[in-house]
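Working notes, structure below.
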């Protein structure tokens, strides 16, 4: 079984899972906060925030990657800041691949969470407030449990997007085996090599299986929530 | 004692309402769009106001966030948390008087269920219980029965009456249904286009002919208090009021129990002479204490029957033809069947 894929491919698969996992985990709280602000907030600049969040969805990925390179490269203002403050380097590291994946998946995540938040009756939050619940308790006991399926769906979409991200990643952190060569990048490389196509196909199958599994898991979770509520 | 003064400009009218509400039920009455809901949302802190001064027992609520006001709010649409059982819904705001609340509202059989499986009436009872268990210092009921059909209303009303009789806090009851108001409220504040047009003790306001235009000619009618003195075999109940005995349809109330009867003004007929050979069962000897001509073709006539006050609505033509004057002694005739079961309670 293990020789079905070569060591380089196993490493690419493992790296992709790691990149997508961290990208999803770190962007989830931020994605929820932005979705909440867009769904419930009435503030100046709301539309601007909305456009900013959705930009990676419509911009050429190579532009996103280039902007990341400018901002988060070792000499970029943000990259230098992160390195000085936390010792965290993005340029040409797997962390950069995770950053690119997180940013590319962000619009999908925010959109799914926002829709589920908008489906939560604000009247229920109001009712919870009249019962003495602080805004934080309302969030924890009413908003989050009711928006749960959308949050899971948003996370799954972002994870799947992170698994398959290509353009921004290769522009930002290049294609370094073992360091930044994720599944998608690995497939791309194999297609360039003579005789690499059978392996590329295997990797393609792996990525399809992972994507399908993620979707099924999110559907099951959502269904369970819906069933519990209908009882 | 609750004291309220709120103002807020809307595109089409200005809410500018001041009133006081002691312990007991104060009805906020008025047509749709008169600002009733805006008013109590302002009291709860759920809507912004241009100006708000709200004090409850001397404590200023106006600057507090809604969740710090200690207010119970029952919405028209119950707003139960769909992901929690009835018991968890009830306990969301606290467990004050849990056993008593569950008993009074008859919630014991519902505790393990989810809101989706409850009927409209059951949901409102749970919403009421949930508000009570948060130990509120003020209870706001925003048309809690308006989303229910008549049988469901009849199912919930007795619970509201029990609540009224057992609670010592001010309760604001928003409604556009005079039947509910007459059964539940002790005081009434009538709103029209955002302004308080009449307010006071329910019996006084409903017996005041000058208030008829604000109440609406169809809803006008005095409320008599009395005691149930007997149920007859032919399906009537005899009620001894301060103005005399009344027969009402149906077996209502408990023997010797206190009861209220709303007598719609448009169902009262006036006669100069004691009627004979008439099918109407209820004839009271009354004195005219006031005549109020409206802009329409009718006259509101205030009547005194012993200690009780009644209101009649007659046409201006009848009034002139009979030569009705303040101080005249006449007979007020009420058809027993004109008193709907909902008007007694």
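Once C-alpha pairs closer than 8 Å and six or more residues apart are averaged by separation and normalised to the residue number of chain A, the relative contact order reads 29 percent. Under the classification rounded if a/c is under 1.5, otherwise prolate if a/b is larger than b/c and oblate if not, where does chain A fall, given a ≥ b ≥ c as square roots of the Cα gyration tensor eigenvalues? Oblate. Approximating the spin labels as points 7 Å out from Cα along Cα→Cβ, the residue B:295-to-residue B:280 distance works out to 2.9 nm.
Across segment B:221-343, C-alpha contacts under 8 Å between residues 6 or more apart give a mean separation that, scaled by the residue count, equals a relative contact order of 31 percent. Between helix B:120-133 and chain B there is an angle of about 70 degrees, using the helix long axis and the longest principal axis of the Cα atoms. Taking 0.36 nm per residue of sequence separation and removing the Cα-Cα distance, the residue B:100/residue B:63 pair yields an extension gain of 10.1 nm.
Among DSSP bridges having both ends in the protein assembly as shown, what percentage is antiparallel? Round to the nearest 5. Just about 75 percent of them are antiparallel.
Here each label is just a point 7 Å from Cα along the line to Cβ, and for residue B:116 and residue B:204 those points are 5.2 nm apart. Put in order of Cβ neighbour count within 10 Å, fewest first, the listed residues B:322, A:109, B:133, B:1 become B:1, B:322, B:133, A:109.
Beta bridges per DSSP, both residues in chain B: antiparallel share near 75 percent. Quick one: if the Förster radius is 22 Å, what FRET efficiency do residue B:162 and residue B:1 give, using the C-beta to C-beta distance and rounding to 0.05? Using R0 = 22 Å, I get an efficiency of 0.40. By the beta-carbon count within 10 Å of each Cβ, the least crowded to most crowded order of B:75, B:13, A:172, fewest first, is B:13, B:75, A:172.
Helical runs assigned H by DSSP (4 residues or longer) give chain B a calculated mean residue ellipticity at 222 nm of -6000 deg cm²/dmol, each run adding -39500 (n - 2.57) before division by the residue total.
For chain A, modelled as a GNM whose springs connect Cα atoms under 10 angstrom apart, the maximal fluctuation among A:113, A:151, A:187 occurs at A:187.
Taking Cα atoms only, the orientation of helix A:61-72 departs from the longest principal axis of chain A by about 80 degrees. May I ask for the angle, rounded to the nearest 10°, between helix B:150-166 and the longest principal axis of chain B, with both axes built from Cα atoms and the value confined to 0 to 90°? Value to nearest ten degrees: 80.
Here r is the Cβ-Cβ distance between residue B:135 and residue B:258 and R0 is 25 Å; the resulting FRET efficiency, rounded to 0.05, is 0.35. Only Cα pairs under 8 Å and 6+ residues apart enter the sum, and on that basis the relative contact order of segment B:77-224 stands at 19 percent. What residues from segment A:184-220 fall in the zone where the backbone N is under 16 Å from a label point 7 Å along the Cα-to-C-beta line of residue A:10? Only A:203 fall inside the zone, counting backbone N under 16 Å. The equivalent ellipsoid of the protein assembly as shown has semi-axes of 71, 24, 19 Å, largest first, where each one is the square root of 5 times an eigenvalue of the Cα gyration tensor. Residues B:329, B:137, ranked from the fewest to the most other C-beta atoms within 10 Å, line up as B:329, B:137.
Where a number appears in this text, it was derived from the coordinates with a stated rule and is not lab data. Since the structure is predicted, the reported quantities are computational estimates derived from the model, not experimental observations. Note that we place each Cβ from the backbone using ideal geometry, even for glycine, and neighbour counts take in every protein chain shown.
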